[in-house]
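To start, the structure itself, in structure tokens.
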Amino acid sequence: RHTRYIGDWSSDVCSSDLIAIETNGTIELEEGLVDWICVSPKNMASVHPEFPIKQTKGHELKVVYTGQDLSMYDELKKGFEHLYLQPCYNEALDAGANGQTFHSTFDLVMQNPGWNLSLQTHKWMGVE
């Protein structure tokens, strides 16, 4: 699944139109095709080993944390400028359980320099 944003980003970033993409990384993008690449790999190795991560370079690596060992991203993260870890928000769980997931993710970020905390804010707010 690919999401494409075409628009005029804030003048703080650039005064011209930019193309950004968020991808699961299973399709390698042609060099120079887009201005900003965010790869958010799903747990492809264990769920769908037939779809390896092919986009190994970009601007952001955004991982949804579900308890996996971060060392599985050691090689992949070398190709990215920004590393983000997001707690997995599970709509089937109550606020307390999701809060525990948030705190576990926060603690992991604090223990692993280079990773930054990111939130799927729309999910925490209940916006679809």
Based on this model, can you work out whether F102 counts as of a type outside the set (D, E, K, R) and open to solvent by less than 80 Å² (accessible area, probe 1.4 Å)?
yes
Kindly check whether there is at least one residue in the stretch 73-81 that is without any contact (Cβ under 8 Å) to a residue 12 or more places away in the chain and surrounded by 12 or more Cβ atoms within 10 Å (Cβ to Cβ).
no
Got at least one residue in the stretch 74-87 being at pLDDT 95 or above and aromatic (F, W, Y)?
yes
When the residues of the stretch 105-126 are narrowed to those that are open to solvent by 70 Å² or more (accessible area, probe 1.4 Å) and of a type in the set (F, W, Y), which ends up modelled with the highest pLDDT?
F106
Could you say whether any residue in the stretch 82-96 is open to solvent by less than 30 Å² (accessible area, probe 1.4 Å) and in contact with a Gly (Cβ under 8 Å, 6 or more places away or on another chain)?
yes
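The values are calculated or read from the model by the stated rules, or taken from the named source; none is laboratory data. Everything quoted here is computed from the prediction, not taken from an experiment. FYI the Cβ positions are ideal-geometry reconstructions off the backbone, even for glycines, and counts take in every protein chain you see. Ligands, DNA and RNA are stripped out before the accessible areas are found, and what is left, the full protein with its side chains, is counted by its heavy atoms. Shrake-Rupley method; radii C 1.70, N 1.55, O 1.52, S 1.80 Å.
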